[in-house]
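Everything on this sheet refers to the single structure shown next.
The values are calculated or read from the model by the stated rules, or taken from the named source; none is laboratory data. Not measured: the values here are computed from a predicted model. Cβ placement follows ideal geometry from the backbone for every residue including glycine, while neighbour counts extend to all protein chains displayed. Note: areas computed on protein heavy atoms with side chains; ligands, DNA, RNA excluded. Shrake-Rupley method; radii C 1.70, N 1.55, O 1.52, S 1.80 Å.
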Amino acid sequence: MSEKDSIELQKQFQAKIEADIKIEPKDWMPDDYRKTLIRQITQHAHSEIVGMLPEGNWITRAPNLRRKAVLLAKVQDEAGHGLYLYSAAETLGADREESIDDMHTGKAKYSSIFNYPTLSWADMGAIGWLVDGAAIMNQVPLCRTSYGPYARAMVRVCKEESFHQRQGYEIMTTLANGTPIQKEMAQDALNRFWWPALMMFGPSDANSKHTAQSMAWKIKRHTNDELRQKFVDATVPQAHLIGLTIPDADLKFNEETGHWEFGEINWEEFYNVIKGNGPCNKKRIDDRRKAKENGMWVREAARAYADKQKERMKKAG
Ligand code: BYC
């Protein structure tokens, strides 16, 4: 392609971004735009899949049939989200198996939050309320992201996440209004998940290497710190409503700005977790690797069946 043609394509791409016209799989796009999307969408997909593990851990121990059915449905929803996202990444030319192997070898990241253990039933409440709550805050603006297939996948994901957030808050509300021991369980889960939930939004804006370019391409619609602040503002009153305390001595409401000011995040812990040294990183990756190995026979059988069908159709003309 001549330099002139390339400049023209670049101009047309930029004009579409500025006019809020979605970029679709067959459209020309800069290589770095494609790479950034593949990175973000596959990491997002991995997060959904790894995110099934801490909650899956409690399906057999849910306190009653209703709770079990709801948790089972939630974990299945997360699998569905992972599948839409891998499909969206495939429209950009990513190879699903390679992407999954990149997660297994540590080359590709997944959300830091899923490297923390789930120690009690109350953690199911804290995850739904805080983790899905943070996920919604981040993902609602992604329904307007500039890449069509990612934006459309997010619409359905957000509807389901909204149900997840409510079921989590309902668990927390029930425990917080229960016996003193139940209330203590809810408070303990909030104490352990609050700071990791704030870390889900990523490094502070000053240290986020991808934000400026992703905002210019309208892949991201808000910065990490903007979304983190929105989450804190929405969640603090919810904690107060059910009589729980946010574990932050520096938390205070600023009457002038209308925002909740919060303490310093332990960034050393965050970087440690995303480097692979969190409490459960090794276990999560081992479990995913084992799931891939144990599911090999299913994939082989499905492939053999599909090949047979193709052969039959060919013979039948
Ligand atoms: N954990 O320049 P930055 C869910 C990485 S919800 C691990 O700010 P970017 C679910 C980042 O990837 C969770 N890594 O990057 C909920 C980059 O590394 P590389 C999933 C993190 O992309 C309930 C580096 O740090 N949601 O799935 O502009 C139940 C520098 O960061 C984290 C999504 O993925 C982190 N917390 O912004 C079940 C939403 N934060 O690639 C499942 C889509 C940052 O340079 N993703 N990093 O090696 C996004 O919106 C953005 O990618 C982020 C980061 C806001 C996460």
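The table that follows gives values for the structure above.
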{"item": "Residue match in the range 288-295 (condition: open to solvent by 50 Å² or more (accessible area, probe 1.4 Å), closer than 18 Å to residue 199 by Cα, charged (D, E, K, R) and not in a loop (DSSP other than H, G, I, E, B))", "result": "no"}
{"item": "Of residues in the range 103-123 being in a helix (DSSP H, G or I) and within 11 Å of the ligand (Cβ to nearest atom), the one farthest from residue 189 (Cα to Cα)", "result": "112"}
{"item": "Cβ pairs under 9 Å, 6+ apart, first in the range 69-82 and within 10 Å of residue 56 (Cβ to Cβ), second near the ligand (Cβ under 10 Å from one of its atoms) and not in a helix (DSSP H, G or I)", "result": "75/51; 78/51"}
{"item": "Conditions (1) buried (at least 21 other Cβ atoms within 10 Å of the Cβ); (2) aliphatic (A, V, I, L, M); (3) farther than 16 Å from residue 81 by Cα; number of the one not met by residue 92", "result": "(1)"}
{"item": "The range 95-136: number of residues that are charged (D, E, K, R), surrounded by fewer than 21 Cβ atoms within 10 Å (Cβ to Cβ) and in contact with an Asp or Glu (Cβ under 7 Å, 6 or more places away or on another chain)", "result": "1"}
{"item": "Enumeration of residues in the range 197-242 that are out of contact with any Gly (no Cβ under 9 Å at 6 or more places or on another chain), under 24 Å from residue 126 (Cα atoms), in contact (Cβ under 8 Å) with a residue 40 or more places away in the chain and not aliphatic (A, V, I, L, M)", "result": "201, 203, 204, 230"}
{"item": "Residue selected from the range 137-157 under the condition hydrophobic (A, V, I, L, M, F, W, C) and free of Cβ contacts under 8 Å to residues at least 40 places away in the same chain, by the criterion least open to solvent (accessible area, probe 1.4 Å)", "result": "154"}
{"item": "Where a residue in the range 124-136 is modelled with pLDDT of 95 or more and in a helix (DSSP H, G or I) and its partner, wherever it lies, is polar (S, T, N, Q) and buried (at least 24 other Cβ atoms within 10 Å of the Cβ), with Cβ under 8 Å and at least six apart", "result": "none"}
{"item": "Residue satisfying all of: in the range 1-18; among the aliphatic types (A, V, I, L, M) and surrounded by 13 or more Cβ atoms within 10 Å (Cβ to Cβ); farthest from residue 31 (Cα to Cα) among these", "result": "17"}
{"item": "Residue within the range 23-30 that is free of Cβ contacts under 8 Å to residues at least 12 places away in the same chain, open to solvent by 60 Å² or more (accessible area, probe 1.4 Å) and in a helix (DSSP H, G or I) present", "result": "no"}
{"item": "Test: residue in the range 169-192 that is open to solvent by less than 20 Å² (accessible area, probe 1.4 Å) and within 12 Å of the ligand (Cβ to nearest atom)", "result": "no"}
{"item": "Of all residues in the range 60-78 being assigned to a helix (DSSP H, G or I) and open to solvent by less than 30 Å² (accessible area, probe 1.4 Å), the one that is farthest from the ligand (Cβ to nearest atom)", "result": "71"}
{"item": "Test: residue 151 is farther than 18 Å from residue 245 by Cβ, assigned to a helix (DSSP H, G or I) and touching a Cys at 6+ places or on another chain (Cβ under 6 Å)", "result": "yes"}
{"item": "Residue, farthest from residue 194 (Cα to Cα), within the range 208-219, restricted to residues that are open to solvent by 40 Å² or more (accessible area, probe 1.4 Å) and near the ligand (Cβ under 10 Å from one of its atoms)", "result": "213"}
{"item": "Matching residues in the range 126-147 - criterion: being within 9 Å of the ligand (Cβ to nearest atom) and among the charged types (D, E, K, R)", "result": "132"}
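This table checks each residue for (1) of a type in the set (Ser, Thr, Tyr); (2) surrounded by 10 or more Cβ atoms within 10 Å (Cβ to Cβ); (3) more than 24 Å from residue 168 (Cα to Cα).
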{"site": "233", "(1), (2), (3)": "no, yes, no"}
{"site": "264", "(1), (2), (3)": "no, no, yes"}
{"site": "267", "(1), (2), (3)": "no, yes, yes"}
{"site": "297", "(1), (2), (3)": "no, no, yes"}
{"site": "308", "(1), (2), (3)": "no, yes, yes"}
